[in-house]
Each structure stands twice: as C-alpha cells, then as structure tokens.
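Comments concern the structure below.
The values are calculated or read from the model by the stated rules, or taken from the named source; none is laboratory data. Predicted, not measured: the structure shown is a model, and the values here were computed from it. Note that each Cβ is placed from the backbone with ideal geometry, even for glycine, and that neighbours are counted across all protein chains shown.
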Amino acid sequence: MNSTPRDTIYASVKGKVDAFKFDQRVVSVFPDMIARSVPGYQSTIEMLPALAELYLQRGAQVYDLGCSLGASALAVAPCAAKRNCKIIGIDNSAAMLKKCQQIIDQYSHSSFIDLLCADLQDVEYRHASMVIMNYTLQFIPIEQRLQLLTKIQQSLLPGGALVLSEKITFQNPKINRDMIALHQAFKRANGYSDLEISRKRAALENVLLPEHYSEHQERLHSAGFSQVEIVCQTLNFCTMLALK
Ligand SMILES: C[S@@+](CC[C@H](N)C(=O)[O-])C[C@H]1O[C@@H](n2cnc3c(N)ncnc32)[C@H](O)[C@@H]1O
C-alpha cells in the first residue's frame, strides 16, 4: 500500500492500552496507519488539488489544521505556488512536525509551506481563502468545537471555504452498528488483526469523539458558514465543504 514502516503498535498482547497520542511511535508508522485505518483517506487527499483550484485566492493564506505529515498541505502546494498563497500547517505534536518538515523539504514547493507547533485553539487565523481540517476536529473536546470553527469562519475571506473531514456516527442504532462492523471489516481486509482492532478502539475511546453529520452541519451554520454539504463519504468517514 505504501513504503513506510508497517503499523504494529497494537499487535502486542502485553500490557494495558494507554490513551492514544500522536507521539514518536505513531509518527514513525503514520502513513501506513492512516491508509489502512481510514476508508477514503486517499480520495480525500486526491480531491484537494481540484478544491484548491476552486477556492484559493491570489495572495491569501491556506491553513492545514492538524497537518500531521503534511499530506493535505502538499496536495494543495502546486496551486498555492501558482497563486502566491502561503500554506500554514499547524499541529501540536512536535514529533509530527519534525518529520513533516523533513518530508516537505523534499518537495520543490516547500517554500510555500510554513509549519507551526501550536494548539489549534490558541492560533489567530487571518486572511484565509481555504482552511483544511482533515480528521482533526474529532480530537478537539466537543464543547470547544464551536469556538474554534467560529474563529476559522471569521478568518475566511468572502468566497472562502473550509474542508472538514471527520469520522461520523449514524442516528439509527442498527446502521451505526453495521457501519462500525464495515469499518472493522475494512481494517481486517487491510491486515489488522481482531486484537489490534480492539486495542486501538480502546486507545481511542474518549480521545476521538465522532458526531453525527447533522451535529456538524448545525454547528457549522452556528459558526457562520452559509452552505454546508458532504462532498465525499466512504463508510463512516466523510468530507464536508463549508462555505463562508
Ligand atoms: C488524524 S491526524 C490528521 C491527519 C492529517 N490532517 C492528514 O490529512 O494526513 C490528527 C492530527 O491533529 C493533531 N492535533 C490533534 N489535536 C490538536 C490540537 N488541539 N492542536 C493542534 N493539533 C492537534 C495531531 O497531533 C495529529 O497530527
């Protein structure tokens, strides 16, 4: 699937499972982990250049919030370079950002990307034409999400867009259970054992907090976004587009 080291973090039966953290252990296997765990991840990244063509405004900023190893930032970098936009990748994991810088430095558009190690809630956002938040809001405490999204909305220029990808839940209990089962089948098909799947689920309990699409939609409208739609969905992961 890719050439980065294989994720075997939860393969061991030893010891209790600690709460999930984006530490050095995760950084070293992250591309393999996200590709084998998040249905539709690659499609989300592949959609970004076309979204950038639609929404990047000349000279404006682009934010990649929870940038991890910079996959989203790198996907929009050619368009950013063409339109003289600065991309700001933000993450609060120093280990992630160190590796992210090494990866970005290998690309010709690296000078258009700046990295900032900070909590997303402490940053002042400004002059943005596109904000990308792929699989990161789900790690922010639910009661703090509206304030963060409001700050993001206020930083967007007229015509600006937020691209928000999240794990989601479903209102009907049977469909919700079935979607979880389908997600587990996806992971099994990608080589994770039942032990790894259940230990990872325990590690993410109370750390990754998914919500129903209607909760996202309502909050995005409360934050001031005028239009909100799902533009892509694979099982229980979806990408929403919210326009200023
Ligand atoms: C699932 S990863 C995001 C993947 C990435 N956007 C991509 O498309 O490859 C979530 C990232 O958000 C970061 N993160 C979580 N909470 C954060 C916060 N409060 N402030 C900044 N970064 C945060 C984590 O360190 C992690 O790198």
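Looking only at residues in segment 63-83 that are hydroxyl-bearing (S, T, Y) and either within 7 Å of the ligand (Cβ to nearest atom) or surrounded by fewer than 24 Cβ atoms within 10 Å (Cβ to Cβ) (or both), which one is farthest from D32 (Cα to Cα)?
Restricting attention to segment 63-83, the residues satisfying the condition of being hydroxyl-bearing (S, T, Y) are 63, 68, 72.
From the residues that got through so far, the ones that are either within 7 Å of the ligand (Cβ to nearest atom) or surrounded by fewer than 24 Cβ atoms within 10 Å (Cβ to Cβ) (or both) too are 68, 72.
On the way: S68: 13, S72: 16 Å.
That would be S72.
Each residue in segment 102-137 was checked for being near the ligand (Cβ under 8 Å from one of its atoms), within 25 Å of Y213 (Cα to Cα) and among the hydrophobic types (A, V, I, L, M, F, W, C), and 3 pass. Pairs please, first residue from segment 180-191 and closer than 13 Å to T234 by Cα, second anywhere and in a loop (DSSP other than H, G, I, E, B), Cβ atoms under 8 Å, 6+ apart in sequence or on different chains. Listed by first residue and then by second, the contacts come to I180/N236; L182/L235; L182/N236; H183/P39; H183/L235; H183/N236; F186/P39; F186/L235.
With the requirement that a residue be closer than 20 Å to Y41 by Cα and either in contact with a Phe, Trp or Tyr (Cβ under 6 Å, 6 or more places away or on another chain) or part of a helix (DSSP H, G or I) (or both), what does segment 79-96 give you? Hit for segment 79-96 is M96, nothing else. In segment 21-47, the residues that are at positive phi and more than 10 Å from the ligand (Cβ to nearest atom) form Cβ pairs under 7 Å with partners that are modelled with pLDDT of 95 or more and not in a helix (DSSP H, G or I), at six or more places apart or across chains, as follows: G40/C232; G40/T234; G40/F237. Residues in segment 84-101 that are polar (S, T, N, Q) and within 13 Å of the ligand (Cβ to nearest atom): N92, S93. Taken over segment 18-32, the criterion of being touching a Ser or Thr at 6+ places or on another chain (Cβ under 9 Å) and of a type in the set (A, V, I, L, M) is satisfied by V26, V27, V29.
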